[in-house]
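First the structure, in the form of structure tokens, and then the observations on it.
The values are calculated or read from the model by the stated rules, or taken from the named source; none is laboratory data. Because the structure is a prediction, the values reported are computed rather than measured. Cβ atoms come from the backbone with ideal geometry, glycine included; neighbour counts cover every protein chain shown. Note: accessible area is taken over every heavy atom of the protein model, side chains too, but ligands, DNA and RNA are not part of it. Shrake-Rupley method; radii C 1.70, N 1.55, O 1.52, S 1.80 Å.
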Amino acid sequence: MSSHHHPHQKVVLITGASSGIGAATARWRGRHGYRLVLGARRADRLTALVAEIRNEGGVAESFAMDVRRLEDVQGFVAFALDVYKRVD
């Protein structure tokens, strides 16, 4: 099986994705064929991480958000559904 064909293509939302465990999880999942929507308050770091994942052949989008704000969380999920038509 080629490295570019991943049967699952799951859509995964990751909050706190701009640093630490969130960023590490995003990088790993990006390399393993997951379609990602990364959320965090630091939009600049998110943009850089999305670029890094895409450069490695991954699929990712970013959404600036604060998990403490319900409307941000709802917007995050709505954005993921709009982009990928599903959330796993």
Enumeration of residues in region 65-80 that are free of Cβ contacts under 8 Å to residues at least 40 places away in the same chain, of a type in the set (A, V, I, L, M, F, W, C) and open to solvent by 80 Å² or more (accessible area, probe 1.4 Å): L70
Residue by residue through region 43-62, note down the ones that are in contact with a strand residue (DSSP E or B) (Cβ under 8 Å, 6 or more places away or on another chain), closer than 16 Å to T25 by Cβ and not polar (S, T, N, Q). L46, L49, V50, I53, G58, V59, A60, E61
Would region 1-10 turn up any residue that is touching a residue at least 60 places away in the same chain (Cβ under 8 Å) and under 12 Å from the mean Cα position of the chain (by Cα)? yes
